[in-house]
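I have placed the structure first, in the form of structure tokens, so that the comments after it can refer back to it.
The values are calculated or read from the model by the stated rules, or taken from the named source; none is laboratory data. Fair warning: this is a prediction, and the values are worked out from it, not measured in the lab. Cβ placement follows ideal geometry from the backbone for every residue including glycine, while neighbour counts extend to all protein chains displayed. Note: areas computed on protein heavy atoms with side chains; ligands, DNA, RNA excluded. Shrake-Rupley method; radii C 1.70, N 1.55, O 1.52, S 1.80 Å.
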Amino acid sequence: MIISNKIQHKGTVIVGEGDEEAKKLDETCKRALNQAIRAIGPGVCLSKIGDIIESVAESEGFQSVKAYCGHGIGRGFHMLPFVQHFKNDTYLPLREGMTFTIEPMLVAGSQDTFVSKEDEWTVCTVDGSRAAQYEHMILITADGVEVLTDSER
């Protein structure tokens, strides 16, 4: 299999050169994340993130895994707000100072997953289909957004 059916934390690794489907899934996941980031800022509703990610995924024939979400960063690591990566009706206007992750997981097959009993960490698709996952930590600023995990900073 060219892309592991294991959803890797922080990003996807294509093994070897990868076929066209593997590259398409990888690029679609990155594009969904980046489009969601570009669309947010103060006053934008949190649900806009899920709307964009699911729309990008579906436009290429993929699905967004609904079992996992991004999360707020503050006094605790995994805290509110929870950031869904699919269309939803969560109403929460974003405000300056909010810090959270956006970490879409896109799959080529079933969005149903399980955690591997081998390491109790690795998430796998139930049908063994390919998956891609990317993540960034975001800070809402007065005039937009700052990507805190951007390695190009």
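Can you pull out the strands (runs of 3 or more DSSP E) entirely within the stretch 94-151 that have at least 1 residues that are among the aliphatic types (A, V, I, L, M) and in contact (Cβ under 8 Å) with a residue 12 or more places away in the chain? Full working, then the answer.
On the way: elements: 99-102, 105-107, 113-115, 123-125, 131-133, 136-141, 144-147.
Answer list for the stretch 94-151: 99-102, 105-107, 123-125, 131-133, 136-141, 144-147.
I'd like to check something: does the stretch 57-67 contain any residue that is at negative phi, in a helix (DSSP H, G or I) and out of contact with any Pro (no Cβ under 9 Å at 6 or more places or on another chain)? Spell out the reasoning first.
First pass over the stretch 57-67, keeping only residues at negative phi: 57-60, 62-67.
If we keep only those that are in a helix (DSSP H, G or I) as well, we get 57-59.
Okay, now just the ones that are also out of contact with any Pro (no Cβ under 9 Å at 6 or more places or on another chain), so 58-59.
Yes; the residues of the stretch 57-67 include at least one that is at negative phi, in a helix (DSSP H, G or I) and out of contact with any Pro (no Cβ under 9 Å at 6 or more places or on another chain).
Determine which member of the set T125, T113 is open to solvent by less than 20 Å² (accessible area, probe 1.4 Å) and in contact with a strand residue (DSSP E or B) (Cβ under 8 Å, 6 or more places away or on another chain).
Details: T113 fails: open to solvent by less than 20 Å² (accessible area, probe 1.4 Å).
Of T125, T113, the one residue that is open to solvent by less than 20 Å² (accessible area, probe 1.4 Å) and in contact with a strand residue (DSSP E or B) (Cβ under 8 Å, 6 or more places away or on another chain) is T125.
Please give the number of the condition P93 fails out of (1) surrounded by 18 or more Cβ atoms within 10 Å (Cβ to Cβ); (2) closer than 18 Å to I140 by Cβ.
Unmet for P93, out of (1) surrounded by 18 or more Cβ atoms within 10 Å (Cβ to Cβ); (2) closer than 18 Å to I140 by Cβ: (1).
Would you call Q8 open to solvent by 60 Å² or more (accessible area, probe 1.4 Å), polar (S, T, N, Q), modelled with pLDDT under 95 and touching a strand residue (DSSP E or B) at 6+ places or on another chain (Cβ under 8 Å)? Spell out the reasoning first.
Values: open to solvent by 60 Å² or more (accessible area, probe 1.4 Å): yes; polar (S, T, N, Q): yes; modelled with pLDDT under 95: yes; touching a strand residue (DSSP E or B) at 6+ places or on another chain (Cβ under 8 Å): yes.
The answer is yes for Q8.
Out of the stretch 137-153, which residues are of a type outside the set (A, V, I, L, M) and open to solvent by less than 40 Å² (accessible area, probe 1.4 Å)? I'd like the intermediate steps shown before the answer.
Of the stretch 137-153, the ones of a type outside the set (A, V, I, L, M) are 141, 143-144, 146, 149-153.
Correct list: T141, G144.
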